[in-house]
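Chemist: Shown below is the structure under consideration.
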Amino acid sequence: MHAPLPPEILSRIVHFTPPGPDLAHLCLASHALLAPAQAKLYHTIHLSEPHQTFSACTTLTAHPRLAALVSSLWVYIDPRRTQHRGALPRAYWDAVRGALTHASALRSLVLFDSVAQHTWVLAPPALPFQLAEAKIKFLYDDNVARFLHSQKSLTQLHLVDHPEPLNQHAPMLPPNSLPELREYEGPAYVAAQLANSPITHMQACLSRPYDRQLPRLLSCIPNWPRLRALNILNIPNGPTGEDFPSETTNLIATYAPHLHHLGAIPLPIMNRTPIHRALTRFPYLRVLEIDLQAWLPQPPEHLQRTLASELRVYCPTLEVVAMWLPQQCRADWHVDQETHEWSFCMWHGQQETLWKMA
């Protein structure tokens, strides 16, 4: 009779087995390999097709021991793998809810609903986990607010961008919510509820009414002394084309002069002096995102280089000037610290999230 292999050897066998069919077969190879192989097999689960999701979540619901092995769960629809569009049946979301109620070790959750309505899936109580990361495509309602309030260890949160409800009051988070949250991406009206979180990186998307959302968001900035990166999307232009961008940049310079990243400021075609003046007040700024989508005609390459050089005159610490152009294009201009020459790369569609890298 052969002596059993030491646990260290078993762990190395599992470690070097790639995820997929080989790992599943390893679960059947020997009783000694079953536990470590299952732990790796169920650690991270990506579910992107409705039938696959329903089957996997039903299995996790029926076997709580397996659900307790899941650390990262992605539930979404990949249009390349299915032709399904629109709302999914109640049975689908019942299965997802059942899996979540047993996933006690879950630390990362990506949960997308194509119609953004089935928020009851997240409604506490009976969810045993404390997340570190969450990316949720649901409307922000009482269920989502209560769920977020229950998450005391959450450090990264991404909510889908959607307008603030105008005919009713948006749900409010209690003041002691999300005590560990450092990175937020989502609607600006939710961001304004995070004044007591230790935010370091933020991308907030404005929606109407701008005259209410923007001042409310800016008033929270002094509560985030460790803020390093701030991206505000959809900053409107004022009556003269410069009012809101220049006033917003100036207020941010007053409240958070220590920023390393700032965006996405609409750059006026004329009279950029107020923007220049505000930029002189950022002694540590390395990356600036500017919005040029309203420019007609669009600036050619040589004019983009000139704009980057112009902005760096007023903010000498700048290393990258990212210029947003129509059709979700972005030109990232980088300056060589020795030669002071500019070079650029063009992004189409999917871009690096510069604000997360600050």
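Chemist: Please work out the Cα center distance from region 241-274 to region 96-160, rounded to the nearest Å.
Modeler: Value for the Cα centre distance between the two parts: 35 Å.
Chemist: Quick check on the chain: of the DSSP beta bridges with both residues there, what percent are antiparallel, nearest 5%?
Modeler: The antiparallel fraction comes to roughly 25 percent.
Chemist: Now a separate question. Against the longest principal axis of the chain, how steep is helix 90-100, in degrees 0 to 90 to the nearest 10, with axes from Cα atoms?
Modeler: Around 80 degrees separate the two axes.
Chemist: On a 0 to 90 degree scale, rounded to 10, what angle separates helix 301-314 from the longest Cα axis of the chain?
Modeler: Approximately 80 degrees, to the nearest 10.
Chemist: In whole percent, what relative contact order does region 260-351 give with Cα contacts below 8 Å and a gap of six or more residues? Please list the in-between numbers first.
Modeler: Values: 136 pairs, mean separation 22.7, N = 92.
It comes to 25 percent, rounded to a whole number.
Chemist: Note down the nm distance, to one decimal, between modelled labels 7 Å out along Cα→Cβ at GLN337 and at SER48.
Modeler: 3.8
Chemist: Who wins for biggest fluctuation among LEU73, LEU88, LEU131 in a Gaussian network model of the chain, springs between alpha carbons below 10 Å?
Modeler: In this elastic network of the chain, the residue with the biggest mean-square fluctuation among LEU73, LEU88, LEU131 is LEU88.
Chemist: A follow-up question, please. In nanometres, what is the gap between the two model label sites at ARG226 and LEU251, each 7 Å from Cα along Cα-to-Cβ?
Modeler: 2.5
Chemist: If you don't mind, another one. Relative contact order (percent) for region 210-272, with alpha-carbon contacts under 8 angstrom and 6 or more residues of separation? Walk me through the numbers before you get to the answer.
Modeler: Details: 58 pairs, mean separation 26.5, N = 63.
RCO, region 210-272: 42 percent.
Chemist: Which length gain, in nm to one decimal place, applies between ALA170 and THR58 when the Cα-Cα distance is subtracted from 0.36 nm times their residue separation?
Modeler: That pair, ALA170 and THR58, stretches by 36.9 nm at full extension.
Chemist: DSSP loop (so not H, G, I, E, B), at most 13 other Cβ within 10 Å: list which trypsin sites (Lys or Arg not before Pro) in region 191-239 pass both filters.
Modeler: Answer in residue order: ARG226.
Chemist: What do you get for chymotrypsin sites (Phe, Trp or Tyr not before Pro) in region 252-318 restricted to DSSP loop and a cutoff of at most 14 other Cβ within 10 Å of the site's Cβ?
Modeler: Numbers: sites: TYR255, TYR284, TRP295, TYR314; in loops: TYR284, TRP295.
In loop regions of region 252-318 (DSSP not H, G, I, E or B), the sparsely surrounded chymotrypsin sites (Phe, Trp or Tyr not before Pro) are TYR284.
Chemist: Taking 7 Å along the Cα-to-C-beta vector as the label spot, tell me the HIS258-SER104 distance in nanometres, rounded to one decimal.
Modeler: Simple spin-label model gives 4.0 nm for this pair.
Chemist: Under Stokes-Einstein, with the Kirkwood radius over Cα pairs standing in for Rh, what whole-number D in µm²/s applies to region 35-129 at 25 °C and 0.890 mPa s?
Modeler: Numbers: Rh = 13.4 Å.
After rounding, the answer is 183 µm²/s.
Chemist: Once the dipole of the chain is set up with Lys and Arg at +1 and Asp and Glu at -1 on Cβ about the Cα centre, which of ALA294, ALA29, LEU206 lies farthest towards its positive end?
Modeler: ALA29
Chemist: Using the count of nearby Cβ atoms within 10 Å as a rough guide to exposure, how do SER153, SER72 rank from fewest to most?
Modeler: Least crowded to most crowded, the residues run SER153, SER72.
Chemist: For HIS31 and ILE269 in one chain, what is 0.36 nm times their gap in residues minus the Cα-Cα distance, to one decimal in nm?
Modeler: My answer for the length gained is 78.7 nm.
Just so you know, all these numbers are worked out from the coordinates, no wet-lab data involved. Note that the coordinates shown come from a computational prediction; the quantities given were computed from them, not determined experimentally. Backbone-built Cβ (ideal geometry, glycine too); neighbour counts: all protein chains shown.
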